[in-house]
Structures are given as structure tokens and as C-alpha cells.
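Report on the structure given below.
The values are calculated or read from the model by the stated rules, or taken from the named source; none is laboratory data. The structure displayed is predicted, hence computed values, not measured ones. Note that we place each Cβ from the backbone using ideal geometry, even for glycine, and neighbour counts take in every protein chain shown. Surface accessibility is based on the protein's heavy atoms, side chains included, excluding ligands, DNA and RNA. Shrake-Rupley method; radii C 1.70, N 1.55, O 1.52, S 1.80 Å.
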Amino acid sequence: MRSVIDSPNFKAGAFRNLSETSVMAEDASYRKMFWDFFNKPADSSPAEPLPSIKTNLQNLNSSSPLIIWFGHSSYLIHCNGLNILVDPVFDRSASPLPFLVKAFAGTNIYETNDLPPIHYLVITHNHYDHLNKSTIKAMAPALKKVIAPLGLFRQLNKWGIDKAAITELDWWEDHKLEDHVRISATPARHFSGRGIKRGGSLWNSYWLSLFGKSIYIGGDSGYDTHFRAIRERYGDADLSILECGQYNTAWPHIHMMPEEVVQAHLDLGAKALLPVHWGKFALAYHGWKEPVNRVTEAANKEGILITTPMIGEPLIIDNIYPSERWWEI
């Protein structure tokens, strides 16, 4: 376990963003925010179960990175027999209280026992919709390697992950996973916390180099200059995986508006865009399909290759980029 106080990003008892970042806008009201949360509009969740594809994850076989999205920010990256799982949430709720933030009907078609052997688990930060206790505890006995932000060691070990399996990374730290596979922790503009205390662990994005291809794993982030800085250091990505949902003008610095997602993608110089952080949970108050409609419209205006697979539908870099508007049900 590493000491967080040695990190240049840990100041005055908590991790800090590169830019001054308030979680809420200055004119935002917490009272109104809680009212809105418990009085979401009807279209914040789909009226019908969402369509999906149940791909046999045990039989994946691709020499180019293949991505299976599980909804929200959970996905599997497969290449040459290697399986990398990002922010798995297979619970039916993204909240400590099971009756809150329920998964949309039709989105929970995968469970941990559907997964192939996971060689590397990657966690971006500790929010409930990215770090799920029941999922991690179910997977813990079989996990051999976990990549996590600095400050998450105790939590992961408490849930059953072996100490030797956990590698914590600070921003701009590189880690070789194996030959032709390297992961680098990169900045994001967000925050951490599971309760009242914030900033006890870091929030990462990642640059994944995988058998000659590069994937940007965005985690959660507001827009800032770090996207350009990442490109300057690592070059152009083959695929950017960026959050496009759960935004609101009350918290403009910690999540991106869909149009900012497109600008972040351009800053990264990526060839294709996979928008995530939508399609499973209603954490904000916008319509459930508004994020994907806005981000696809903005991407099309810029001539960007955007891919929008259904849950479970394979995406293969340089080969298959699903783009059916399946959410128009």
C-alpha cells in the first residue's frame, strides 16, 4: 500500500484536480438538487425494457481490440486472449440503498458468472456507479491483477482482493502489464467519495496500449485542458471511451455536456468515439436518451466516427463500429 501524502495531487488532506474545481456550481441549490433527484421526469427512464445482445463472452477471439459494453461505464476489452474489465457494476442498483438508482429494465442481462477469465480489472474511481461492492466481492477470489487509483488499496483489500494483486497508480504513472500491453494513469476532472468524505482516493482516466492499438479510458470527467495534455504525451488514440451522460448545469465542472464530449474527443485526436455513462442508470434529470442523441448529433456535425453498440454488441477497432439507433424504441 502506498502513502497518499507523497502524491503531488494530494493537498490539504485530500486529492485535488489540476484546475480549481467545485463539485456544484456557485448558484446551485442542494435543496433543489435533492428535490429534482426524487422527482425526476418520466422520460429519465425508458418506458420499455431496452434491447440487448447476449454475446458468449467465453468464446471471444479477436486479434484487434474487441469491446463489449455492459451499460453505463462497465465494459470488457478483449484482444489476443487477454481480457480487461473496466468498472464492472452487475448489481441492480448503483447506490448504497437498493431502492435508489435502479438499473433500467433489460440492462442486467450479464452477471459475473458470464465473464471469461479476467486478467486485469481496471477501476477509475470509487463512486457507486463505477465501484460496486457486490460485483467486486463476487469476483475477488479469481482476480490476479487490479489496477486502481491511488488511495483505493484498503477498500479493495477489505472486499477480498489479495494485497499482491492491487497496483495503485497516480496520474502520469505508467505500468507494464505484459509484453505489448501497458496502462498509464492519466488525469480526470472529477472527485471521489462514498459518503460525506471526499477526495480520499484519486480519480483516474487511463491510456491503454494494447497490441499496437491505443484506447483512452475516460472514467468520469468534466472538460478541461488535460485531454490535450494526454494527447501531447501519448499521441492519437484509436478509440476514446468518454462519458456522455449524467450531466447538469448544477455540476458543470465534474461531468461533460455531450457537446463537450465531442470536443474532448477532438482534443485527444482519437479515430473513433464510444460514448458511455448512459443507458443503464438515471443519476441526473435529463431524458434517458438525450445524451446519446446530443452526442451523436454533435459528432456528426464534426464528421467524427461515433459508435453506439447495444449492451452486449461487439465493437472491434478498425473492423466493426455498430451505429444503429437502437434506443429509438
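What tally of residues in the range 285-327 results from selecting those that are part of a loop (DSSP other than H, G, I, E, B) and at pLDDT 95 or above?
Number satisfying all stated conditions: 24.
Look through the range 91-100, keep the residues that are open to solvent by 20 Å² or more (accessible area, probe 1.4 Å) and not basic (Lys, Arg), and return whichever of them is nearest to residue 154 (Cα to Cα).
Restricting to residues being open to solvent by 20 Å² or more (accessible area, probe 1.4 Å) and not basic (Lys, Arg), the top hit is 96.
For the range 149-182, what are the residues that are in contact with a Leu (Cβ under 6 Å, 6 or more places away or on another chain), surrounded by 19 or more Cβ atoms within 10 Å (Cβ to Cβ) and under 18 Å from residue 88 (Cα atoms)?
Residues satisfying the conditions are 149, 161, 166, 168.
From 280, 289, which residue is out of contact with any strand residue (DSSP E or B) (no Cβ under 6 Å at 6 or more places or on another chain) and surrounded by fewer than 24 Cβ atoms within 10 Å (Cβ to Cβ)?
Of 280, 289, the one residue that is out of contact with any strand residue (DSSP E or B) (no Cβ under 6 Å at 6 or more places or on another chain) and surrounded by fewer than 24 Cβ atoms within 10 Å (Cβ to Cβ) is 289.
With the requirement that a residue be under 28 Å from residue 108 (Cα atoms), among the small types (Gly, Ala, Ser) and part of a loop (DSSP other than H, G, I, E, B), what does the range 258-284 give you?
Of everything in the range 258-284, those that are under 28 Å from residue 108 (Cα atoms), among the small types (Gly, Ala, Ser) and part of a loop (DSSP other than H, G, I, E, B) turn out to be 279, 282, 284.
Out of everything in the range 70-99 that is among the hydroxyl-bearing types (Ser, Thr, Tyr) and part of a loop (DSSP other than H, G, I, E, B), what residue ends up being modelled with the lowest pLDDT?
This residue is 95.
Looking at 236, 224 in this structure, which one is among the acidic types (Asp, Glu), open to solvent by 10 Å² or more (accessible area, probe 1.4 Å) and under 24 Å from residue 181 (Cβ atoms)?
Criteria check complete, one pass: 236.
Find the residue count for the range 220-243, including only residues that are over 18 Å from residue 203 (Cβ atoms) and either among the small types (Gly, Ala, Ser) or in contact (Cβ under 8 Å) with a residue 12 or more places away in the chain (or both).
Counting residues in the range 220-243 that are over 18 Å from residue 203 (Cβ atoms) and either among the small types (Gly, Ala, Ser) or in contact (Cβ under 8 Å) with a residue 12 or more places away in the chain (or both) gives 9.
Out of 135, 107, I need the residue that is open to solvent by less than 10 Å² (accessible area, probe 1.4 Å), among the polar types (S, T, N, Q) and part of a loop (DSSP other than H, G, I, E, B). Which one?
Answer to the selection: 107.
Can you tell me how many residues in the range 55-69 are outside any loop (DSSP other than H, G, I, E, B) and touching a His at 6+ places or on another chain (Cβ under 9 Å)?
4
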